[in-house]
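Down below is the structure, laid out as structure tokens.
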Amino acid sequence: AEVIAERWYPTAVPLLVSRCRLAFGRGDLAAAADLGERAIAAWESGRYDRTISFNPASVGPEMRLNLGIALARTGRFDEAIRRFEEAARDPRFTEAAGANIAALRASMES
């Protein structure tokens, strides 16, 4: 299914988000980070497959928090901090994002 999604729907945001979640769940954090970044980039640029509807919240702060975790665990620290900062703008995720930023910065300093 992933091969079909990549071939025929490479810019379909809901499929990218679903594939990101699946990759995260199976521990493939590099793939999760790539797919999450692609989903957000497609949404933000407006260049995505519009034949498949989706809820824009799927690329919102929760996605950015989880993406930050995947990025941090794959050594992409600056990108992770940026995604955590985006997630922190939503009051529901401010505390978790802030804790992740603090932990990441502390590990970068040591």
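Each reported figure results from applying straightforward, stated rules to the coordinates on display, with no laboratory input. From a predicted model like this one, the values you see are computed outputs, not experimental measurements. Backbone-built Cβ (ideal geometry, glycine too); neighbour counts: all protein chains shown.
The combined condition, being touching a Gly at 6+ places or on another chain (Cβ under 9 Å) and either surrounded by fewer than 18 Cβ atoms within 10 Å (Cβ to Cβ) or free of Cβ contacts under 8 Å to residues at least 60 places away in the same chain (or both), is fulfilled by Glu85. For region 50-94, a residue qualifies if it is of a type in the set (Lys, Arg), assigned to a loop (DSSP other than H, G, I, E, B) and under 29 Å from Tyr9 (Cα atoms), and the qualifying residues are Arg50, Arg76. Any residue that is over 10 Å from the mean Cα position of the chain (by Cα) and not charged (D, E, K, R) - is there at least one of those in region 58-71? Within region 58-71 (the criterion being over 10 Å from the mean Cα position of the chain (by Cα) and not charged (D, E, K, R)), the answer is no, since none of the residues qualifies.
Within region 72-110, take every residue that is more than 13 Å from the chain's Cα centre (by Cα) and acidic (Asp, Glu) and give me the one that is nearest to Leu29 (Cα to Cα). Taking the candidates together, the pick is Asp78. The set of residues in region 1-49 being part of a loop (DSSP other than H, G, I, E, B) and under 22 Å from Asp78 (Cα atoms) consists of Gly27, Asp28.
Any idea which of Leu22, Leu16 is out of contact with any Phe, Trp or Tyr (no Cβ under 6 Å at 6 or more places or on another chain) and crowded, with 16+ Cβ neighbours inside 10 Å? Being out of contact with any Phe, Trp or Tyr (no Cβ under 6 Å at 6 or more places or on another chain) and crowded, with 16+ Cβ neighbours inside 10 Å holds for just one of Leu22, Leu16, which is Leu16.
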